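Before any comments, here is the structure.
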Amino acid sequence: MMRNSLWTEAPLGQASLRGFARFYRRFKGFFLSLSVVLLLFSTPSLLGLAQTTPADVASPPEPALPTTNKIDGYPVLLDNEPLFVVRRGVGMFSAQERAQAISQRLSLVARDISITPEQIQLVQEPENDLLYLRAGNTIILTITTQDARDHRESKEKLGQQALTYIRAAISQYREERSVDHLLKALGYTVVASIALIIITRLILYLSSKLFPSITTWLNRRLPSLKIQNFEIISAHHISRFCLRILKFIRFFLGLVLFYVYISFILGLFPWTRNISESILAYFFIAVEFVVQGVAQYIPNLIILVLICFTTYYLLQSIRPFFRAIERGNLNIPGFYQEWAEPTYRLVLILIIALAAVVAFPYLPGFDSPAFRGVSVFLGILFSLGSTSAVANVVGGVILIYTRAFQGGDCIQIGDVIGIVLEKTLLVTRIMTPTNRIITIPNSSLLSSNVINLSAAARELKRYLILQTTVTLGYDLPWRHVHETLIQAALATTDILSDPSPFVLQTSLDDFYVSYQLNAHTDHPDRMVHIYAELHQNIQDYCNQVGIEIMSPSYYALRDGHQSTIPENYLPSDYQAPGFRVSQIPKENDPNS
């Protein structure tokens, strides 16, 4: 009957009814589940509307008392709310047992609606000098002279204070379990649920409208993360990462709203208020823990900032010194210009490593066992797997300071000839004349002979000498051969005329002479092409002057055959000579 009158007092228009019907159908499952839960919560109070007596009421469970000490006392609870504390026991009851007994009696009286708060009276017993707090025939509390002495109050004043607290607590206890209060709590729950749904939908709607615009703006505004010309992270990926952060914030905001909603509706009902307070307590404990952790870490954070600040400006202060050496503006005897950049990098690594060692104890979680375990594990992995890496790093450092080669030099290592493309602390990369890139570990370079074909020209102004050998017979004038070979060398591209080429006779063999042509070049990187052109010019110039380049043994046995010089170098009327045959005179022959 009360429900019917409640609904008819606020008539709704036809349009409002249709809108509410649509809303109800959409969220019908949610409201049905919520109503069942709330009705279950409110069942004890509804059942308790009928008049009950202490005999009809079952004994309530023993209230949970917070842990206290003897000095503070033990609290008397009603509905898990502390009213006052008991510091001293009575008779065989300890202070804790006394507080529990008083709490149980208060719970029984509060649930017995036949006893009004005004019926609870303070009664003085003259014969035993005790003060009792009675509810009908039930003694709730006994106040002794020692209680008054412990609280430094008179018994009358102490009893009056207890009476005031108990009456107010019982009135509040019954008020919170009344039908009006429960209906009001149900109304607040429905309103809070509707507000949660509306706010959630509003957040989803606004985010669906704003997120695409924010992503487009970020794509236009944010630059890509690059190192020189290499793009590490594109602007598109950065904008996607920012969008994920926004979605996470939206999700976190939804969790906070749901958390507040659950805490609010659980706090509306007396049977779930403890759960609500526990949830809030956990939340505030977590927040307090985080805030305290951050506050306690602030000194360490200041030290870390100072270490980073000092390290940064120390590196910035030494950088111009090495830059001046690299540019030649500052000369230090025994310290070469090419050492400036690698030395700066080594000093950079040492300073950063020293700063990391100093800052290590101030990192969060430094003393935790997990942090130590990870550090030991990484140290073992580094020790087991870095043997070859350390050898290569040491080799790279030695190669830098021995000045074996520089970037761009033409070097020869064993059978490998090429230009140095890159020299790092671990490996050296070389490009051969056939455009093959070979990577050689620095530790291997230390155990090999490195021939630098560019260092003499750069440091001593003495150019690389290219050598090639031609073997010719003894019948050719050696001065003529020298002149021809030098002319062939001077006609070759990238062969220097100053210093001029020269010829050395390296050996006088049985059938031929070895002529070694030596020519200077300032382009050792084109050595293969220079050799090819030089050999072509040697053939052309020797053929022009009639010098045959062939096996000396064949030359010694030949008699009148065709010349090996190409036809375009021979005279137009050239004819191959015949064999020179002569008769051997016989013995005692008068005609011979």
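Just a yes or no: is a residue in segment 432-443 among the hydrophobic types (A, V, I, L, M, F, W, C) and in contact (Cβ under 8 Å) with a residue 24 or more places away in the chain?
Going through segment 432-443, the residues among the hydrophobic types (A, V, I, L, M, F, W, C) turn out to be 437-438, 440.
Still in the list and also in contact (Cβ under 8 Å) with a residue 24 or more places away in the chain: 440.
Yes, some residue in segment 432-443 is among the hydrophobic types (A, V, I, L, M, F, W, C) and in contact (Cβ under 8 Å) with a residue 24 or more places away in the chain.
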query: Which of the strands (runs of 3 or more DSSP E) contained wholly in segment 321-436 include at least 1 residues that are touching a Cys at 6+ places or on another chain (Cβ under 8 Å)?
result: 416-423
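I'd like to check something: does segment 265-286 contain any residue that is under 30 Å from Phe360 (Cα atoms) and assigned to a helix (DSSP H, G or I)?
Start the filter on segment 265-286 by keeping residues that are under 30 Å from Phe360 (Cα atoms), which leaves 285-286.
Then drop every residue that is not assigned to a helix (DSSP H, G or I), which leaves 285-286.
Yes, segment 265-286 contains at least one residue that is under 30 Å from Phe360 (Cα atoms) and assigned to a helix (DSSP H, G or I).
Based on what the data block shows, is Leu445 assigned to a loop (DSSP other than H, G, I, E, B) and aliphatic (A, V, I, L, M)? Working first, answer last.
Values: assigned to a loop (DSSP other than H, G, I, E, B): no; aliphatic (A, V, I, L, M): yes.
Against the criterion (assigned to a loop (DSSP other than H, G, I, E, B) and aliphatic (A, V, I, L, M)), Leu445 does not qualify.
With Ser107, Ser171, Ser114 as the choices, which residue is at pLDDT 80 or above and over 23 Å from Pro82 (Cβ atoms)?
On the way: Ser107 fails: over 23 Å from Pro82 (Cβ atoms); Ser171 fails: over 23 Å from Pro82 (Cβ atoms).
Unique residue meeting the criteria: Ser114.
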- request: Kindly indicate whether any position in segment 204-225 is touching a Phe, Trp or Tyr at 6+ places or on another chain (Cβ under 9 Å) and either outside any helix (DSSP H, G or I) or acidic (Asp, Glu) (or both).
  value: no
- prompt: Which of the residues belonging to segment 139-172 are surrounded by fewer than 16 Cβ atoms within 10 Å (Cβ to Cβ) and part of a strand (DSSP E or B)?
  reply: Ile139
- prompt: Just to be sure, is Thr215 over 30 Å from Asn80 (Cβ atoms) and touching a Gly at 6+ places or on another chain (Cβ under 9 Å)?
  reply: no
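Could you check segment 445-456 and list, in sequence order, the residues that are farther than 13 Å from Ile411 by Cα and either among the aliphatic types (A, V, I, L, M) or in contact (Cβ under 8 Å) with a residue 40 or more places away in the chain (or both)? Quick ask: steps written out before the conclusion?
Start the filter on segment 445-456 by keeping residues that are farther than 13 Å from Ile411 by Cα, which leaves 446-447.
If the condition is that a residue be farther than 13 Å from Ile411 by Cα and either among the aliphatic types (A, V, I, L, M) or in contact (Cβ under 8 Å) with a residue 40 or more places away in the chain (or both), then Leu446 is the only one that fits.
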- prompt: Any idea which of (1) outside the structural domain of Tyr313 (by TED's automatic domain parsing); (2) free of Cβ contacts under 8 Å to residues at least 24 places away in the same chain is the one Cys410 doesn't satisfy?
  reply: (2)
statement: Here the residues within segment 236-245 that are touching a helix residue (DSSP H, G or I) at 6+ places or on another chain (Cβ under 6 Å) and either farther than 11 Å from Leu222 by Cα or among the aliphatic types (A, V, I, L, M) (or both) are Leu243
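Restricting attention to segment 459-468, which residues are out of contact with any helix residue (DSSP H, G or I) (no Cβ under 9 Å at 6 or more places or on another chain) and free of Cβ contacts under 8 Å to residues at least 24 places away in the same chain? Working first, answer last.
Taking segment 459-468 first, the residues out of contact with any helix residue (DSSP H, G or I) (no Cβ under 9 Å at 6 or more places or on another chain) are 459-461, 465, 467.
Passing the criteria: Glu459, Leu460, Lys461.
Would you pick out the residues in segment 175-226 that are of a type in the set (S, T, N, Q), within 25 Å of Ile249 (Cα to Cα) and surrounded by 14 or more Cβ atoms within 10 Å (Cβ to Cβ)? Give the derivation first.
Within segment 175-226, the subset of a type in the set (S, T, N, Q) is 178, 189, 193, 200, 207-208, 213, 215-216, 219, 224.
Next, only the ones that are within 25 Å of Ile249 (Cα to Cα) stay: 193, 200, 207-208, 213, 215-216, 219, 224.
Matches in segment 175-226: Ser193, Thr200, Ser207, Thr215, Asn219.
Going by the conditions given, is Ser500 at pLDDT 90 or above, small (Gly, Ala, Ser), more than 25 Å from Ile417 (Cβ to Cβ) and outside the structural domain of Val397 (by TED's automatic domain parsing)?
Working: at pLDDT 90 or above: yes; small (Gly, Ala, Ser): yes; more than 25 Å from Ile417 (Cβ to Cβ): yes; outside the structural domain of Val397 (by TED's automatic domain parsing): yes.
Considered against the rule, which asks whether it is at pLDDT 90 or above, small (Gly, Ala, Ser), more than 25 Å from Ile417 (Cβ to Cβ) and outside the structural domain of Val397 (by TED's automatic domain parsing), Ser500 comes out as yes.
The values are calculated or read from the model by the stated rules, or taken from the named source; none is laboratory data. Not measured: the values here are computed from a predicted model. Here the Cβ is made from the backbone with ideal geometry for all residues, glycine too, and neighbour counts use every protein chain on show.
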